[in-house]
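What follows is one structure encoded as structure tokens, with my remarks underneath.
The values are calculated or read from the model by the stated rules, or taken from the named source; none is laboratory data. Remember, predicted model here, so these are calculated numbers, not experimental data. Cβ placement follows ideal geometry from the backbone for every residue including glycine, while neighbour counts extend to all protein chains displayed. These accessible areas exclude ligands, DNA and RNA; they are computed on the full protein's heavy atoms, side chains included. Shrake-Rupley method; radii C 1.70, N 1.55, O 1.52, S 1.80 Å.
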Amino acid sequence: MIPFSFSNWPTIQTKSTTRLSYNISASNKNIMAETATSSELRDAGNTEKQKNRVGVRTTLRALRHRNFQLFFGGQLISLIGTWMQNIAQDWLVYRLTGSSLLLGTVAFASQIPIFLLAPVSGIVADRWNRHRIVIATQSASMLLALTLATLTLSGRIRIWEIMVIASLLGVVNAFDIPARQAFLIDMVGRDDLLNAIALNSSMFNSARIIGPAIAGILVASVGEGWCFFANGISYIAVITGLLLMRLTRKGELQKKGSALENMIEGFRFARHTAPVRALLLLIGVVSLAAMPYTVLMPIFAGRILHGGARQLGMLMGATGVGALFGALTLASKADVKGLGKWVWIAATGFGTSLILFTLSRRLWLSMALLVPTGFGMMVQMGATNTLLQVMVPDRLRGRVMSLYSMMFIGMGPIGALIGGAIAARIGAPWTVAVGGVTCLAGGAIFARRLPGMRGVARQLILEQGMGAGEPPASLPVSRS
């Protein structure tokens with residue numbers, strides 16, 4: 001026992017005070033640490049929320065423009081109808097004939113006008129008001145869809161009538177596609193052009209998911225004619241949106257030279273500009289060799305997977321899901337850096353997925369493999385479209401986009417006709433597999449040449465005011 005005395009008190013008091021101070025100090029430190037941790041967690045949470053909000057704003061930034069909002073909403077409704085008509089038309093041809101050759105022939109009839117008329121339609125898009133051109137083409141498409149619906153619902157439809165209407169629709173699309181693509185910059189300006197292109201693609205592929213699914217149900221329950229009728233009515237939405245637009249900016253139009261001189265100028269630019277030439281050639285090769293898989297899809301749904309119109313809609317919808325993801329991936333990209341690499345990776349991924357798809361004999365597996373197929377196709381198409389638009393001067397925009405539609409869509413019918421004929425001899429799976437191998441080869445060649453084209457591509461982008469930094473005073477004399 002320690003004896004207690006007043007002489008001990010100061011020592012005891014000091015020790016107690018020290019212990020008490022330590023405990024309070026430690027407690028304060030814990031409180032401060034907890035407060036700091038809570039503050040850091042709140043800050044981190046707020047930062048993450050801000051990043052998410054910024055990400056959404058970046059992905060959807062082109063929709064801040066009223067004109068693009070009108071275009072986006074109307075076009076989405078119209079494209080759902082278009083995809084319904086595409087699926088119903090393919091199934092109608094297959095039901096009437098059972099022929100893979102005639103499937104390819106109808107696809108050829110609907111798309112070959114785009115290839116043949118592309119040089120002329122590009123000049124029209126560069127010399128005349130693009131807004132009015134798009135209104136006219138959408139109105140013509142509506143009349144053709146309603147005509148096809150009337151013939152089908154009356155029970156008098158014949159295969160030659162389907163081919164005639166498909167051909168006329170191809171003529172309309174030949175003028176619509178370059179004008180509509182070049183019209184994007186008039187709606188959103190340069191700053192949001194890249195995002196508008198990607199959102200336009202996402203809209204196209206959203207419709208590609210919804211349209212085939214609805215078409216599969218309608219064809220199985222009430223027939224193809226009502227799909228055609230629904231498509232005709234859907235054009236009211238896009239035409240109304242176009243008429244409600246208030247345009248304050250208009251792209252530079254070509255005013256000098258004859259039509260022939262303008263045409264030659266567009267071809268010369270594409271031929272002697274190495275990045276533009278390479279992009280067009282690759283998309284053309286892929287379209288020629290691989291895109292016929294969509295035309296042969298009824299055969300996969302019917303003969304290989306033992307399904308019907310509903311299964312066809314599910315397969316096309318799976319492709320659309322992948323394509324939508326690809327479009328949204330492009331929409332979230334803030335600049336064009338690295339897009340050249342995306343092009344060849346997407347082309348080779350597209351080809352690989354197609355090859356694997358031909359080996360499947362299960363519906364669920366086929367659908368799963370069509371998701372990366374759609375993703376690769378969409379990324380290559382969207383990245384190519386974006387790179388071409390940021391490298392081309394405004395006065396040439398319509399002509400270059402007509403060449404893009406010529407190679408991407410116009411080569412499709414040639415491929416569809418060839419693919420249909422080959423499939424009749426060796427079967428649809430082998431035909432699609434050969435197309436996949438061709439994609440792999442084209443992507444590899446593009447990847448090998450890409451490093452040598454980057455300098456010219458960057459100069460072109462800067463000259464159009466689409467990149468960071470000041471544009472160069474002049475471009476190299478030779479770009480080939």
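Between A259 and W364, the C-beta separation translates, for a Förster distance of 35 Å, into a calculated FRET efficiency of about 0.10. Of the residues H306, H272, H131, the one with the largest accessible area comes first in the ranking H306, H272, H131, computed with a 1.4 Å probe on protein heavy atoms. Cα centroid distance between the stretch 287-303 and the stretch 122-178, in Å? Answer, in whole Å: 23. Between R156 and L243, the simple spin-label model (points 7 angstrom out along Cα→Cβ) gives 3.0 nm.
Expressed in Å, the radius of gyration and Dmax of the Cα atoms of the stretch 351-454 are 16.2, 50. For the stretch 186-313, the square roots a ≥ b ≥ c of the C-alpha gyration tensor eigenvalues yield an a/c of 1.5 or more together with a/b not exceeding b/c, which makes the shape oblate. In terms of the mean number of neighbouring beta-carbon atoms within 10 Å, the peptides 192-199, 162-169 order highest first as 192-199, 162-169. In order along the stretch 299-304, the phi-based Karplus estimate (6.51 cos²θ - 1.76 cosθ + 1.60, θ = phi - 60°) of 3J(HN,Hα) comes to 5, 4, 5, x, 7, 8 Hz; Gly and Pro are listed as x. Ligands, DNA and RNA are left out, and with a 1.4 angstrom probe the accessible area of the stretch 292-373 is 39 Å² per residue.
Note on the stretch 119-251: Cα convex hull, mean projected area over all directions, 9.0 nm². Between V120 and L60, the distance separating the two model label sites (each 7 Å from Cα on the Cα→Cβ line) works out to 4.2 nm. With the cut-off at under 19 Å, measuring from each backbone N in the stretch 134-158 to a point 7 Å along the Cα-to-Cβ line of V222 picks out 145-157. Among rounded, prolate and oblate, which fits the stretch 287-326 when a ≥ b ≥ c are the square roots of the eigenvalues of its C-alpha gyration tensor, a/c under 1.5 means rounded, and a/b larger than b/c means prolate? Oblate is the answer for the stretch 287-326, as a/c is 1.5 or above yet b/c matches or exceeds a/b.
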